[in-house]
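Have a look at the structure below, then the notes.
The values are calculated or read from the model by the stated rules, or taken from the named source; none is laboratory data. Just so we're clear, the structure is a prediction, and the values are computed from it rather than from any experiment. Here the Cβ is made from the backbone with ideal geometry for all residues, glycine too, and neighbour counts use every protein chain on show. Ligands, DNA and RNA are excluded from the accessible area calculation, which covers all protein heavy atoms including side chains. Shrake-Rupley method; radii C 1.70, N 1.55, O 1.52, S 1.80 Å.
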Amino acid sequence: EDQVTQSPEALRLQEGESSSLNCSYTVSGLRGLFWYRQDPGKGPEFLFTLYSAGEEKEKERLKATLTKKESFLHITAPKPEDSATYLCAGGGYGQNFVFGPGTRLSVLP
Amino acid sequence: DVKVTQSSRYLVKRTGEKVFLECVQDMDHENMFWYRQDPGLGLRLIYFSYDVKMKEKGDIPEGYSVSREKKERFSLILESASTNQTSMYLCASNGPFNTEAFFGQGTRLTVV
């Protein structure tokens, strides 16, 4: 069965304290690994797509990387406005996505 | 910018009512999805559609139906709302070949 897990469940950082979020996946025929940011009460906002092991994507303080079993979202020198829930999802056969439960990030000033 | 628009941000309905949630996308995407999101359960797929008038059941289709009469519009129908359908409902769309999905702003539905 296809599955995506994320760790940690919640993460509290001080402003400027870099860290990484983990996404582990077992998705048959993975066709893409997606990262989203979700603010409370809103829909997920697309961040990155990674298609093959070794690929990296960057956007401001965020960098996403992909291996054959995991993806990492690295956050460098975070700011309070980076506080959100970060979701990863695997796209497998067919058109569906398998979402992880998310990591709730809090960045304290 | 891709836009996926859901008709309501908040809805309050009574048990037994028929409820319509509407979603419109402006990117000519083939695929559209309806998810519900509950604390501790994450995003769960209710239905998706890969073409006009085509639909596939997701993981939790019971108590729901969908309609896609036009490519840009995907409706979720709760035939007889129940309190356990109180949730955040999210619509999404994407193009072919597992490209990224774009989400609407969500509809917070409360059934009383």
Residues of B:94-105, mean number of Cβ from any other protein chain within 10 Å of their own Cβ, rounded to a whole number? 6
Express the relative contact order of the range A:3-92 as a whole percentage, based on alpha carbon pairs under 8 Å and six or more residues apart in sequence. 38
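How large is Rg over Rh for chain A, taking Rg from the Cα atoms and Rh as the Kirkwood inverse mean of 1/r across Cα pairs? Spell out each step's value before the answer.
Details: Rg = 13.3 Å, Rh = 13.8 Å.
So for chain A, dividing Rg by the Kirkwood Rh gives 0.96.
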In a solvent-free Debye calculation with one equal scatterer on each Cα, what is log10 I(q)/I(0) for the range B:35-90 at q = 0.23, 0.27, 0.31 Å⁻¹, listed in the order of the q values? -0.93, -1.17, -1.35
Quick one: which of A:63/B:53; A:57/A:79; B:18/B:55; A:79/B:3 span more than 29 angstrom between C-alpha atoms? A:63/B:53
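With a cut-off of 8 Å between alpha carbons and a minimum separation of six or more residues, what is the relative contact order of the range B:4-111 in percent?
Details: 282 pairs, mean separation 39.8, N = 108.
Dividing the mean separation by the residue count of the range B:4-111 yields 37 percent.
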Hz values of 3J(HN,Hα) by residue in the range B:13-21 - Karplus curve (6.51, -1.76, 1.60), Gly and Pro given as x: 10, 8, 3, x, 6, 8, 10, 10, 10
For chain B (alpha-carbon point model, no solvent) the Debye-based log₁₀ I(q)/I(0) at q = 0.13, 0.21, 0.22, 0.24 Å⁻¹ works out to -0.43, -1.13, -1.23, -1.44
How large is the convex hull of the C-alpha atoms of the protein assembly as shown per residue, in Å³? 117
Considering only protein heavy atoms and a 1.4 Å probe, what is the carbon-and-sulfur percentage of the accessible area of the protein assembly as shown? 49
Provide the buried accessible surface between chains A and B in square angstrom, both chains summed, 1.4 Å probe, rounded to the nearest 100. 1600
